[in-house]
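All remarks here apply to the structure that follows.
The values are calculated or read from the model by the stated rules, or taken from the named source; none is laboratory data. Not measured: the values here are computed from a predicted model. Using ideal geometry, Cβ is built from the backbone for each residue, glycine included, and neighbour counts are taken over all protein chains shown.
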Amino acid sequence: MEDRGPHTAGEGAGADSGPAVAASPPVIMGNKPGSFAWDVLANRHPALIQQVRAAFPYSRRQHEALDDLLDEITNGAVEPLDPEDHDHEHWADSGREHFGRSWYDAPFLWAESYFYRRLLGAVGYFGNGPWQGVDPFAPFKQAELCGEAVEEEELRALDALADAPADERATALLHASLWGNRADLGFRVSAGEAAASEAAASALVADDSAVLWQLLPAGRSSTVAVVADNAGRELIPDLILIDHLLEHRHAERVMLHVKPYPYYVSDAMTADVVDCLRRLTEAPGEAGRIGGRLWKAMATGSLEVRTHPFFCAPMPYEEMPEDLREEFAGATLTIMKGDLNYRRLVGDRLWGATVSFAARTAYFPGAVAALRTLKSDVIVGLDQATLDALERSGAAWRTSGTHALIQVRR
């Protein structure tokens, strides 16, 4: 894949001295046939409408609304929300340049976000009727959370990991949180299964994990903000990592930020946190003990779940409101989980892959870490040698989910 946009060679993920980019490259759009963004709009979104339709016994009115949405995203132009919708003014402001035009001609981040808002509207999530507040993605989240893989591959592996040295355990749990639904790669660091952990490490295109732990030395009164991504098999290892931070005194308090309403299919809300905590507390062995500690941490305030409307906004974190900026400013470290948070953190643009991560996040009000499996085109902070090797591989490394990164800006 061609490395697009201006960049400065040699700026690695951990390099804090790279020059800032003089001019921003183009925003990612969905109007290039065959691109990742185009595929999401042309294939994933229509398929998701059909999956949501099949997951619930919706009424005729809801089916007709889903039909209208499908026709609009496939053949029509972007339509505004109804004037009586509670958030009409917000979307009218951000979408004024996109209404009446093809979905493919809007910025990809905005089009994705608005699609999910429209999908929620079609099924009555925000209405006053009987479907108000019913998560259309809940069946998908529950199926994953209750699957055998969570029990067999992940939770039981914690028993073997419990007796591992603290540094090995920390590495394993950080990798588990990073890889999300491939968490078993991270857990299996002991009991003769170190090869899996090595395989996970070799797939990292950038690794600032040493800097992350330097920012969170044991015994200090640190506050960590974790901005969650997905529920289910990704949120469970996030919670287990949070337990490790609290139990080993890397953090005195953890603020877990989640979405205020359903977003991007699997994004975590408060209800998903509760479901995962129940799953842990009901498990045998070390998983159950971790669940019990987290349950108690919620009661004592050392673990607090928070949310903010901005987490469902189609805007970069550079434009975050002041109250959210103040929350992050009060944290010793903010950990941003997942691909969407990364796109919003560095900007959903065609950055050159060697543009400095530190420069792109200089606006952030405190130290920030990105834990992300690569599932979209956006990436910064690579060193030139790594980028060259990835490009020579011929693989779709930016979007396939086979590679990941840990990037930190002090």
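Descriptive notes on the structure:
- Residue match in the range 61-79 (condition: farther than 13 Å from R117 by Cα, assigned by TED's automatic domain parsing to the domain that holds S113, in a loop (DSSP other than H, G, I, E, B) and of a type in the set (K, R)): no
- Among residues of the range 146-167, those that are surrounded by fewer than 19 Cβ atoms within 10 Å (Cβ to Cβ) and either out of contact with any Ser or Thr (no Cβ under 7 Å at 6 or more places or on another chain) or in contact (Cβ under 8 Å) with a residue 40 or more places away in the chain (or both), counted: 14
- In the set (1) within 21 Å of R101 (Cβ to Cβ); (2) surrounded by 14 or more Cβ atoms within 10 Å (Cβ to Cβ), the condition left unmet by P83 is number (2).
- Candidates G292, G330 - the one that is under 30 Å from E148 (Cα atoms) and not hydrophobic (A, V, I, L, M, F, W, C): G292
- Among the residues listed as T332, T300, the single one being buried (at least 17 other Cβ atoms within 10 Å of the Cβ), among the hydroxyl-bearing types (S, T, Y) and either outside the structural domain of M255 (by TED's automatic domain parsing) or at pLDDT 95 or above (or both): T332
- The residue that is nearest to W110 (Cα to Cα), counting only those in the range 43-60 that are in contact (Cβ under 8 Å) with a residue 24 or more places away in the chain and outside any loop (DSSP other than H, G, I, E, B), is H45.
- Candidates A271, A225, A199 - the one that is modelled with pLDDT of 95 or more and part of a helix (DSSP H, G or I): A271
- Any hit, the range 358-367, residues being closer than 20 Å to W38 by Cβ, among the aliphatic types (A, V, I, L, M) and surrounded by 19 or more Cβ atoms within 10 Å (Cβ to Cβ): no
- Any hit, the range 311-326, residues being more than 28 Å from P136 (Cα to Cα), outside any loop (DSSP other than H, G, I, E, B) and in contact with a strand residue (DSSP E or B) (Cβ under 9 Å, 6 or more places away or on another chain): no
- Being over 22 Å from the mean Cα position of the chain (by Cα) and at pLDDT below 95 holds for only one residue in P33, P19, P80, P25, and it is P19.
- Unique match (being on the phi > 0 side of the Ramachandran plot, modelled with pLDDT under 95 and either part of a helix (DSSP H, G or I) or not charged (D, E, K, R) (or both)) among G401, G366, G381: G401
- One residue from E319, E326 being of a type in the set (D, E), closer than 21 Å to A37 by Cβ and surrounded by fewer than 19 Cβ atoms within 10 Å (Cβ to Cβ): E319
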